Amino acid sequence: AQSVTQLGSHVSVSEGALVLLRCNYSSSVPPYLFWYVQYPNQGLQLLLKYTSAATLVKGINGFEAEFKKSETSFHLTKPSAHMSDAAEYFCAVITNTGNQFYFGTGTSLTVIP
Amino acid sequence: GAGVSQSPSNKVTEKGKDVELRCDPISGHTALYWYRQRLGQGLEFLIYFQGNSAPDKSGLPSDRFSAERTGESVSTLTIQRTQQEDSAVYLCASSPGLVGSYNEQFFGPGTRLTVL
């Protein structure tokens, strides 16, 4: 079975501080991992995805995530938070056996000026 | 081209009424998904269509929920005899749907359903 766990439903950081949003996955086969962002009153949009190429994946808006098989993690980071980063972030996993995505419960990021 | 569109954007209904939610996927996308997002919660998978294959209905929470898709175009999600617990944002997503290519899903803006 596949699943993702996002630790911390709410994260607050100061503007300019490091952003770290945690995601751990469970998969019996090599996973493909995604981070999506949902801005207020908007649909989800893809931030970045890992599909077994480089373990460090760079996405839009300065975000990146590192796939660590030994830790079964795919944490999302950004060196310096901006006010516009305030949103809900979802981690998702899909396996190479199908097209069904499994989403985490989301992490709400607040950026404090 | 245009992204995924959903209508209506907001729907308020009375308990016991039926509602229909519509999703227009990106042209050419063979895969289409419906999700439910309750307030403050993550995405709950409802149903998945892939081309002309039988849909994966494993996520539908009860027999009051059903969905149809005509070919590779529009999909409608129908909720019969709505209950207050059905209040949520219903999200639709489409994907090129090429198995093995791990394509991202493109999401619509959602329909916010409120059952009074």
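Data overview
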| quantity | calculated |
| --- | --- |
| Percent of alpha-carbon pairs separated by more than 33 Å within the protein assembly as shown | 17 |
| Phi to ³J(HN,Hα) by Karplus 6.51 cos²θ - 1.76 cosθ + 1.60 over the range B:63-69, Hz, x for Gly, Pro | 6, 6, 9, 8, 8, 9, 9 |
| ³J(HN,Hα) computed for each position of the range B:25-38 - Karplus, 6.51 cos²θ - 1.76 cosθ + 1.60, integer Hz, glycine/proline x | x, 5, 4, x, 7, 8, 9, 9, 10, 10, 10, 10, 10, 7 |
| Quotient of Cα Rg and 2.2 N^0.38 Å for chain B, N being how many residues it contains | 1.01 |
| Other-chain or far-sequence residues with amide H under 5 Å of B:Ser5's (modelled H) | B:Asp24 |
| Sulfur and carbon atoms: percent of accessible area, the range A:31-112 [1.4 Å] | 52 |
| Listed residue pairs exceeding 28 Å between alpha carbons, taken from A:Lys78/B:Lys57; B:Lys17/B:Lys57; B:Lys15/B:Lys57 | A:Lys78/B:Lys57 |
| Three-way shape label, the range A:31-110, alpha-carbon gyration tensor, a/c 1.5 | oblate |
| Contact surface A-B: accessible area buried, both sides summed, square angstrom, 1.4 angstrom probe | 1700 |
| Estimated vicinal HN-Hα couplings, Hz - the range A:13-27 in sequence order (Karplus 6.51, -1.76, 1.60; Gly, Pro = x) | 9, 7, 4, x, 8, 5, 9, 9, 10, 9, 9, 10, 10, 10, 7 |
| Residue-level accessible surface for B:Asp63, protein heavy atoms, 1.4 Å, Å² | 130 |
| Cβ neighbours within 10 Å from other chains - mean over B:30-41 | 2 |
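The values are calculated or read from the model by the stated rules, or taken from the named source; none is laboratory data. Since the structure is predicted, the reported quantities are computational estimates derived from the model, not experimental observations. Note: ideal-geometry Cβ built from the backbone for every residue, glycine included; neighbour counts use all protein chains shown. Note: accessible area is taken over every heavy atom of the protein model, side chains too, but ligands, DNA and RNA are not part of it. Shrake-Rupley method; radii C 1.70, N 1.55, O 1.52, S 1.80 Å.
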